[in-house]
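See below for the structure under consideration.
The values are calculated or read from the model by the stated rules, or taken from the named source; none is laboratory data. Values in this document were obtained by computation on a predicted structure and should not be read as measured data. Here Cβ is always computed from backbone atoms with ideal geometry, including for glycine, and neighbour counts include all displayed protein chains. SASA here: full protein model, heavy atoms, side chains in, ligands and nucleic acids out. Shrake-Rupley method; radii C 1.70, N 1.55, O 1.52, S 1.80 Å.
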Amino acid sequence: MLKASATVLRLDTELLIFPLLSTLAVILITVSLVALIMFFGGSEALDGPGYLVYSGGFVFYLILYTVIFFFNAGLVGATLIRLDGGDPTVGDGMNIATKKLPTILGYAVIAATVGMVLRAIEERVGALGRIVVGLIGMSWSLTTYLTVPVLVSKDVGAIDAVKESANIFRRTWGEQVVGNAGIGLATFLLFALMTAVGVPLVILVSSINEAFAIPMGITLGVGYFFLALLSAALQGIYSAALYRFATTGDAGEHFNAAMMDQAFRPK
């Protein structure tokens, strides 16, 4: 299924635009927040009334989740067009995401609320409690994994999209975990390979001539960045295919039907 997802990405390399724009937007938002905090007194600005700090954190989460879900919706929407036999463009994905913006905003409110509640609990419990909170957070991520494909494909509200994702999770939990682990493992191995080869090479070149080490270090950093975009794009494509198969029994021409059917067969 990882190979099938990569095949879809090869056919539509412009799908990488969505995680690229999402990443750039997240960086811009984060830098803006840090600059705002520094302007109002740095870390001392976080020592104000608790309700102000949590309100600010909620707004930050809300903006961040809205941006991430928006571009993910564009990626998933464009992928579904490809799986249906079409030839999507970045504009097609953007149009789909824009039409679903009210639902995306509603889902962002839900996600931001859950995130703030878990963070507040984590700050008030011990080490064991943090582990429990971490497991709850992981469970939330798994059960809402297909929320974006649901809200892209159906005319439903945010709460119904979350419920539908949770219902599908009961049938696809194994493939969600294994599929995501597979993409994560492939990304980690490539990251480790780049580090094992690139870092010693940069150090060696730096010992000979520092001027040549700078562009090599920049190239390595660009490689890491591209690898992160590739992983995000494959995750979005995989979620779209998984949702399509779970709801229609067909994940598209690039995903082997027998393989998918075997994956979902009750054990």
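Here Ala196, Ala233 are screened, and the one residue that is surrounded by 16 or more Cβ atoms within 10 Å (Cβ to Cβ), at pLDDT 90 or above and closer than 30 Å to Leu24 by Cα is Ala233. Among all residue pairs at least 6 apart or on different chains, which show Cβ distances below 8 Å where the first residue, located in the stretch 4-21, is in a loop (DSSP other than H, G, I, E, B) and the second is open to solvent by 10 Å² or more (accessible area, probe 1.4 Å)? Taking only residues 6 or more apart or on different chains, the pairs are Asp12/Arg82; Asp12/Asp87.
Yes/no per residue for (1) open to solvent by 30 Å² or more (accessible area, probe 1.4 Å); (2) touching a residue at least 24 places away in the same chain (Cβ under 8 Å):
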| residue | (1), (2) |
| --- | --- |
| Gly91 | yes, no |
| Ala120 | no, yes |
| Ile136 | yes, no |
| Leu142 | yes, yes |
| Thr147 | no, yes |
| Ala181 | yes, no |
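Residues checked against (1) modelled with pLDDT under 85; (2) farther than 21 Å from Ala73 by Cα; (3) not in a helix (DSSP H, G or I):
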| site | (1), (2), (3) |
| --- | --- |
| Thr103 | no, no, no |
| Ala108 | no, no, no |
| Ile121 | yes, yes, no |
| Tyr145 | no, no, yes |
| Val150 | no, no, no |
| Val156 | no, no, yes |
| Arg171 | yes, yes, no |
| Val177 | yes, no, no |
| Thr187 | yes, yes, no |
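When we screen Val76, Val132, Val117 for residues that are assigned to a helix (DSSP H, G or I) and touching a Ser or Thr at 6+ places or on another chain (Cβ under 9 Å), the only hit is Val76. In the stretch 200-213, the residues that are β-branched (Val, Ile, Thr) reach residues that are exposed (fewer than 14 other Cβ atoms within 10 Å of the Cβ) with C-beta atoms within less than 6 angstrom, at least six apart or across chains, in these pairs: Val205/Phe212.
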